[in-house]
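Each remark here refers to the structure printed beneath this line.
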Amino acid sequence: MATPKRPGALRKTKKGPTVGTGGHGRKSLEGKGPTPKAEERTYHKAYRAKQLGERAAAKTGGRPGGRPARQGGRGKGAEEMVTGRNSVVESLRAGIPAKVLYMATRIDVDDRVRESLKIAAERGIAVMESSKAELDRMTDEAVHQGLALQIPPYDYPDAVELVESTVEKYKKGHVSNAPLFVALDGITDPRNLGAIIRSVSAFSGHAVIVPERRSVGLTASAWKTSAGAAVRVPVARATNLTSALKAMKQLGVYVVGLDGEGDVSLPDLALATEPLCIVVGSEGKGLSRLVGETCDQIVSIPIDSTMESLNASMAVGITLYEVSRRRGA
């Protein structure tokens with residue numbers, strides 16, 4: 001009589017076990033690997049925040065923070081975020097070019113927010129609501145108070161091409177005043193640039209020239225300091241300032257540098273009525289050696305002996321006034 005088979009008993013064959021689990025459920029016991037990061041889980045709020053951040057980065061030229069290089073603006077396509085209610089409303093009042101006004105959801109509205117929205121609507125600036133987390137990320141954790149203004153990168157014309165075009169217009173009688181330019185050598189403070197742009201505009205100058213390296217660029221701070229004058233006065237960029245000055249001299253433009261140890265006093269500047277480029281250096285270092293050697297003359301401003309030097313923007317303003325006075329005489 002055959003022995004009855006017990007449930008689950010194994011019957012050995014050439015192909016191995018065929019009765020029972022035999023390890024068929026082993027895969028269900030295996031782990032699924034390390035836990036995915038929060039931003040990789042579609043159901044997690046971090047995933048949603050990452051998607052919003054990527055969209056914001058696409059709107060700010062591919063830079064997740066939406067902020068440009070601080071000074072010089074050397075990177076092409078660099079964008080800047082103006083943050084804080086006072087800064088945003090003042091920038092909008094000054095007419096600074098802007099792409100997007102970001103406003104936090106459920107923001108506590110006050111007069112500054114209302115005015116910012118009003119100006120943005122009048123100028124056709126897009127207004128987008130963003131979460132606080134997104135604004136924190138876009139502004140690199142700056143104190144934004146629920147408002148941030150995105151500034152597009154400034155489109156710098158080429159310095160030599162701009163000078164050549166201006167000189168040509170002057171020769172044809174399309175420009176009444178003799179060409180007048182201001183070049184900055186080693187100035188990194190955007191407020192100095194803004195003040196200089198304002199002076200150039202006030203005294204009928206044609207452009208401000210900045211070198212590509214180790215120099216300030218037209219940032220939001222410079223725009224604000226210029227009080228809107230940057231709309232009227234172009235800021236041109238030179239790959240190499242010394243080479244650009246040499247090219248300007250070949251075009252018939254005289255180059256004079258400002259320095260306290262100059263060999264010509266400003267009231268005696270005979271070149272004031274000629275096509276002119278005024279070069280100013282930083283307050284601490286002054287003109288660089290190569291730039292100083294390129295200048296046709298080095299001009300000094302008579303000041304009280306107890307005063308060591310003048311701020312760059314002040315020196316430019318005084319010089320432009322004297323040039324304007326001499327040209328009008």
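The values are calculated or read from the model by the stated rules, or taken from the named source; none is laboratory data. Note that the structure is a prediction, hence the values are computed from the model and not measured. Backbone-built Cβ (ideal geometry, glycine too); neighbour counts: all protein chains shown. These accessible areas exclude ligands, DNA and RNA; they are computed on the full protein's heavy atoms, side chains included. Shrake-Rupley method; radii C 1.70, N 1.55, O 1.52, S 1.80 Å.
Please report the projected area of the range 96-211's Cα convex hull averaged over all directions, in nm². The partial results should precede the final answer.
Values: hull surface 39.9 nm².
Answer in nm², one decimal: 10.0.
Heavy-atom accessible area per residue, the range 155-206, 1.4 Å probe: how many Å²?
Details: 2460 Å² over 52 residues.
Result: 47 Å² per residue.
Over 23 Å between Cα atoms, which of Lys118/Lys224; Lys172/Lys224; Lys132/Lys224 qualify?
Details: Lys118/Lys224 19 Å; Lys172/Lys224 35 Å; Lys132/Lys224 26 Å.
Violating the 23 Å limit, Cα to Cα: Lys172/Lys224; Lys132/Lys224.
Report the Rg/Rh value for the range 184-325, based on alpha-carbon coordinates and the Kirkwood definition of Rh. Walk me through the numbers on the way to the answer.
Working: Rg = 13.9 Å, Rh = 15.0 Å.
With Rg and the Kirkwood Rh in hand, the quotient comes to 0.93.
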How much accessible area per residue does the range 253-321 have, counting only protein heavy atoms and a probe of 1.4 Å, in square angstrom?
50 Å²
Leaving out same-chain residues fewer than 8 places away, which aspartates and glutamates sit with a Cα under 15 Å from that of Lys249?
Glu161, Glu164, Glu168, Glu274, Glu293, Asp296
Please identify which residues in the range 119-162 have an amide N closer than 18 Å to a label point set 7 Å out from the Cα of Gln250, following the Cα→Cβ vector.
158-162
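At R0 = 30 Å, how high is the FRET efficiency between Glu161 and Arg326 if r is their beta carbon distance? Nearest 0.05 is fine.
0.60
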